[in-house]
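The structure appears right after this line, and notes come after that.
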Amino acid sequence: MLTFHSESTKLRRAKTELNEGLLMAPFECPERVDLVLERIRASGLGPVQAPTRFGLEPVLAVHDRDYVEFLAGCWEEWKAIGMAGEAIPNIWPSRSMPGTRIPEHIEGRLGYYAQTGETSICANTFEAAEVSKDIALSALGHTLESGEPSFGLCRPPGHHASSNQFGGYCFFNNAAIAADQALKHGHSRVAVLDIDFHHGNGTQEIFYARDDVIVVSLHGDPLHCFPYYLGHADETGSGRGEGYNVNYPMPPGTDYARWSAALDEGLARIRQAGAELLVVSLGVDTFEHDPISSFKLRSDDYPDVGRRLATLGLPTVFLLEGGYAVEEIGINVVNVLSGFDAARAGSV
Ligand code: FKS
Ligand code: ZN
């Protein structure tokens with residue numbers, strides 16, 4: 001399988017994450033990329049290629065222009081008024097009063113465009129997010145041209161980013177951008193399958209009222225797990241999108257037997273919807289030793305995940321989302337990808 005990677009994803013080096021009431025070193029760190037890359041090289045998964053540039057047009061197809069402009073300028077504005085640390089949101093608009101106006105001060109705009117408070121904006125955050133979506137679009141381009149699967153080693157991740165808010169380490173929704181572009185390149189229905197531990201709330205929001213992208217997500221129950229608020233089973237889409245959003249919330253402690261049964265159901269829904277291309281939001285924070293999650297998947301389970309995904313027989317683009325148990329992140333990602341490749345080779 002061909003991997004798309006750029007050293008420029010590491011340009012974002014945030015110093016802080018607000019977690020458990022402490023400002024700590026972020027779990028979503030540049031070293032994750034090196035660990036996955038090392039394992040790709042050691043395992044002989046396939047070649048690694050640099051992405052090409054796609055500009056902002058595909059981003060603006062799923063994100064609001066004012067949100068993108070905020071992200072582009074945030075760090076410079078924050079620094080220009082002499083703020084001491086990284087840009088961390090600390091104020092949000094009222095939920096009960098309509099008619100929120102967008103403030104001019106960067107502190108007010110930061111809260112307006114933030115969904116969560118753990119993720120800081122620092123130098124080169126926008127640049128890294130741009131490269132991350134270029135990786136996703138390059139992977140999509142390769143799969144569209146060749147029919148072969150590809151892996152985008154995206155960082156920062158994307159699935160929490162909504163049309164107009166960042167959060168959960170995400171700025172541009174790489175999977176949504178890729179799925180939307182796949183439609184513009186001739187496909188009439190695309191599936192996004194999100195197997196990260198956390199609900200893909202941004203992806204859900206972007207496609208909620210649409211029937212051209214079916215979004216299926218397996219995740220920790222939002223009653224107990226980040227990102228809370230969204231990801232319940234009765235969130236099934238709206239308007240013509242009704243039936244095209246499918247959530248499988250599962251309790252903390254879920255093991256592979258239960259998780260893989262939900263996966264099979266999700267795959268059946270994707271088949272029924274007649275999807276022509278699959279984008280996988282590939283998080284491996286479902287791993288039993290992940291430091292911020294609570295499922296119990298083992299490294300040996302991941303090849304079987306890849307095998308099951310291959311049963312769809314669809315052109316497939318894998319995009320990295322989360323996964324933090326640093327040592328094993330590379331092993332678990334490559335296990336999914338090589339399980340997928342092995343199943344495809346076996347079926348030819
Ligand atoms: C739990 C705190 C949770 C934030 C978790 C963010 C998860 C991000 C992710 C992504 F794929 F986007 F990277 N803190 N007490 O893994 O979903
Ligand atoms: Zn996650």
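Points to keep in mind about this one:
- Each part reduced to its alpha carbon centroid, region 1-52 and region 175-198 end up 22 Å apart.
- Label-to-label distance for MET83 and ASP234 is 3.8 nm, based on points extended 7 Å past Cα in the beta-carbon direction.
- Fraction of C-alpha pairs exceeding 26 angstrom in the chain: 44 percent, rounded to a whole number.
- Helices of the chain meeting both criteria, an alpha-carbon length of 30 angstrom or more along the long axis and an average Kyte-Doolittle score not below -1.0, with helices taken as full DSSP H segments, are 125-146, 326-347.
- Distance from region 213-255 to region 274-348 (C-alpha centre basis), Å: 19
- Rolling a 1.4 Å probe over the protein heavy atoms of region 191-348, with every protein chain left in place, gives an accessible area that is 51 percent carbon and sulfur.
- The length gained by stretching the chain between ALA257 and ALA25 to full extension, at 0.36 nm per residue less their Cα-Cα distance, is 80.1 nm.
- Dipole-positive endmost among THR254, GLY306, VAL284 within region 253-327 (Cβ charges, Cα centre): GLY306
- With coordinates expressed along the principal axes, the C-alpha atoms belonging to region 113-218 extend over 38, 28, 23 Å, beginning with the largest.
- Reachable lysines, given that their alpha-carbon falls under 21 Å from the alpha-carbon of LYS133 and they are not under 8 places away in the same chain: LYS10, LYS184
- A 1.4 Å probe run over the protein chains yields, for region 1-159, 48 Å² of accessible area per residue, whole-number rounding.
- Computed over region 176-273, Kirkwood Rh from alpha-carbon pairs, angstrom: 13.5
- Candidate cross-link partners of LYS79 among the aspartates and glutamates, defined by an alpha-carbon separation under 14 Å and a same-chain spacing of 8 or more, comprise GLU107.
- Cut-off 15 Å between beta-carbons: net charge of the residues surrounding ARG258, Lys and Arg +1, Asp and Glu -1: -4
The values are calculated or read from the model by the stated rules, or taken from the named source; none is laboratory data. As the structure is a computational prediction, the values presented were derived from the model and not from experiment. Please note: Cβ atoms are built from the backbone with ideal geometry, for glycine as well, and neighbour counts cover all protein chains shown. With ligands, DNA and RNA removed, areas are computed over all heavy atoms of the protein, side chains included. Shrake-Rupley method; radii C 1.70, N 1.55, O 1.52, S 1.80 Å.
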